[in-house]
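Scroll down for the structure; my scribbles are underneath it.
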Amino acid sequence: MNIQQRMASKQLFTDHDANYPEEAAELAHARQRGKALCYEINNLHPDDVEMRKILMKQLFGSMGENVWLEPPIRMSYGTNTSVGDNVYINFNLTVVDDYKVTIGNDVMFGPNVTIAVTNHPVHPQRRKEGAMFALPVVIEDGAWIGSGAIILPGVTIGKGSVIGAGSVVTKDIPANVIAVGNPCRVLREITDHDQEFYYKDMRFDQVEW
């Protein structure tokens, strides 16, 4: 069983689990490729939007239309992450994508968001042995991930939900809610009230569009 198969079956693995030296070399090459593409994106002139788009298409496993990325970005592979249409990625997104990360359509990221699919056993001896596991992360259509949020392995964030700034998301969040805190918990549902007020007592009909 190779490393990808162990991940898919939620088994522990180590960096030494590759069946053949060729597999280990291939994974190391893929990680290096992802880091190199991130480096190229992060060091482009801000005006060079077209080259940024070209490099983003090379970095991500798949990418939809109208995706905007504010560098810098850091990823383990890039190729294990799929990005939908109309996605906005703010500064300093970090994605530890040893396994699958799925980002839907119309998703927004605030600055300094971290997504991690990989984790380690709690016991120090097991960690010393290099054991780890990876679980997929899914961010569904229309979600908004606030600044500084951390999304941990195996989490799915439901359609249209908002994750508050600085939250640590340790378990699934349902659709159409606001969830905040460490650990992240549902604060309330998103309702028709939010169609009228955009922030506290500030109404949409009091501003010019």
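The values are calculated or read from the model by the stated rules, or taken from the named source; none is laboratory data. Quick caveat, the model's predicted, so the values are computed rather than measured. Here Cβ is always computed from backbone atoms with ideal geometry, including for glycine, and neighbour counts include all displayed protein chains. Ligands, DNA and RNA are excluded from the accessible area calculation, which covers all protein heavy atoms including side chains. Shrake-Rupley method; radii C 1.70, N 1.55, O 1.52, S 1.80 Å.
Against the longest alpha carbon principal axis of the chain, how many degrees, from 0 to 90 and to the nearest 10, is the axis of helix 49-59 turned? For 49-59 against the chain, the angle is about 50 degrees. Near PRO183: Cβ cut-off under 15 Å, other residues only, Lys/Arg at +1 and Asp/Glu at -1. The net charge is +1. One Cα centroid belongs to the range 61-83, the other to the range 22-42; the line between them spans 14 Å. Report note on the peptides 121-127, 25-31, 76-82, 88-94: ranked by the mean count of other C-beta atoms within 10 Å, highest first, their order is 76-82, 88-94, 25-31, 121-127.
Hey, if you drop one equal point scatterer on each alpha-carbon of the range 69-145 and run the Debye formula without solvent, what base-10 log of I(q)/I(0) do you get at q = 0.21, 0.23, 0.25 Å⁻¹? Normalising to I(0) and taking log10 leaves -0.90, -1.02, -1.15.
Across the options LEU37, GLN125, GLY84, the greatest Cα extent toward the positive end of the charge dipole of the chain (unit charges at beta carbon of Lys, Arg, Asp, Glu) belongs to GLN125. Distances between placed amide hydrogens fall under 5 Å for VAL162 paired with TRP144, VAL177, ILE178, ALA179, all partners being 5 or more residues away or on another chain. Charges were assigned to the Cβ only: +1 to each Lys and Arg, -1 to each Asp and Glu. The resulting dipole of the range 19-141 about its Cα centre is roughly 580 debye. Quick check: the angle from helix 21-42's long axis to the longest principal axis of the chain, C-alpha only, nearest 10 degrees? For 21-42 against the chain, the angle is about 30 degrees. The spread of Cα positions in the range 20-60, taken along each principal axis and listed from longest to shortest, comes to 44, 16, 9 Å.
Once backbone amide H atoms are built at 1.01 Å from N, VAL138 has THR102, VAL155, THR156, ILE157 as its partners under 5 Å, excluding neighbours fewer than 5 places away on the same chain.
Taking the convex hull of the alpha carbon positions in the chain and averaging its projected area over all directions gives 13.5 nm².
Dipole check for the chain: with +1 at the C-beta of Lys and Arg, -1 at the C-beta of Asp and Glu, and the Cα centre as origin, the magnitude is about 940 Debye. Taking the alpha-carbon distance from LYS10 and a cut-off under 19 Å, which aspartates and glutamates remain once sequence neighbours fewer than 8 residues away in the same chain are dropped? Output for LYS10: ASP97, ASP98, GLU129, ASP172. Rolling a 1.4 Å probe across the protein heavy atoms gives the chain an accessible surface of 57 Å² per residue.
The H on the amide N of ILE115, modeled in the peptide plane, is under 5 Å from the matching H of THR94, VAL95, VAL96, ILE151, each at least 5 residues off or on a different chain.
Looking at the chain alone, DSSP beta bridges between its own residues are antiparallel in about 20 percent of cases. For the chain, the carbon plus sulfur part of the accessible surface works out to 53%, probe radius 1.4 Å. Simple rule: put +1 on each Lys or Arg Cβ and -1 on each Asp or Glu Cβ in the chain, find the dipole, and look at PRO111, GLY164, MET7; the Cα lying farthest toward the positive end is MET7.
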